[in-house]
1. Anything in the stretch 4-32 that is touching a helix residue (DSSP H, G or I) at 6+ places or on another chain (Cβ under 9 Å), assigned to a helix (DSSP H, G or I) and in contact (Cβ under 8 Å) with a residue 40 or more places away in the chain? List them, or say none.
2. With the condition kept exactly as written, say whether any residue in the stretch 49-70 is touching a residue at least 24 places away in the same chain (Cβ under 8 Å) and assigned to a loop (DSSP other than H, G, I, E, B).
3. Checking the conditions here, which among Lys59, Lys48, Lys55, Lys76 is in contact with a helix residue (DSSP H, G or I) (Cβ under 6 Å, 6 or more places away or on another chain), of a type in the set (Lys, Arg) and open to solvent by 50 Å² or more (accessible area, probe 1.4 Å)?
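The values are calculated or read from the model by the stated rules, or taken from the named source; none is laboratory data. None of the values given here were measured: they were computed from a predicted structure. Because the Cβ atoms are built from the backbone with ideal geometry, glycine has one as well, and the counts that use them run over all protein chains shown. Surface areas here come from the heavy atoms of the whole protein model, side chains and all, with no ligands, DNA or RNA. Shrake-Rupley method; radii C 1.70, N 1.55, O 1.52, S 1.80 Å.
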Amino acid sequence: MSFSKPIVLSRHAQEKMIDRGASKEEVELAIRTGNPEPARKGRVIFRKNFSFNKKWRGKHYAVKQVVPFVSEEEDKFAVVTVFVYYF
């Protein structure tokens, strides 16, 4: 897996990033430096924890985990969706 490929966000991924509180920079860092795991349909997810220490939707959380779902193509990483977990 070549981590230097460009990262392309689908419209759906961009919408979910806004809904779930992830930035483009966090998604890119998750892909470049996070822990890869196999996912369904031949995709890969990358998990990366970020120090958060803020409120999200009225509750305080110390950590935000950003999890992009990626389809690795020959010339790019295509981000299909993004999950975000707070704890």
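1. Passing the criteria: Ala13, Met17, Glu26, Val27.
2. First pass over the stretch 49-70, keeping only residues touching a residue at least 24 places away in the same chain (Cβ under 8 Å): 50, 52, 56, 59, 61-64, 66-70.
Checking which are assigned to a loop (DSSP other than H, G, I, E, B) leaves us with none.
No, there is no match, as no residue in the stretch 49-70 is touching a residue at least 24 places away in the same chain (Cβ under 8 Å) and assigned to a loop (DSSP other than H, G, I, E, B).
3. On the way: Lys59 fails: in contact with a helix residue (DSSP H, G or I) (Cβ under 6 Å, 6 or more places away or on another chain); Lys55 fails: in contact with a helix residue (DSSP H, G or I) (Cβ under 6 Å, 6 or more places away or on another chain); Lys76 fails: in contact with a helix residue (DSSP H, G or I) (Cβ under 6 Å, 6 or more places away or on another chain).
Checking each option against the conditions leaves just Lys48.
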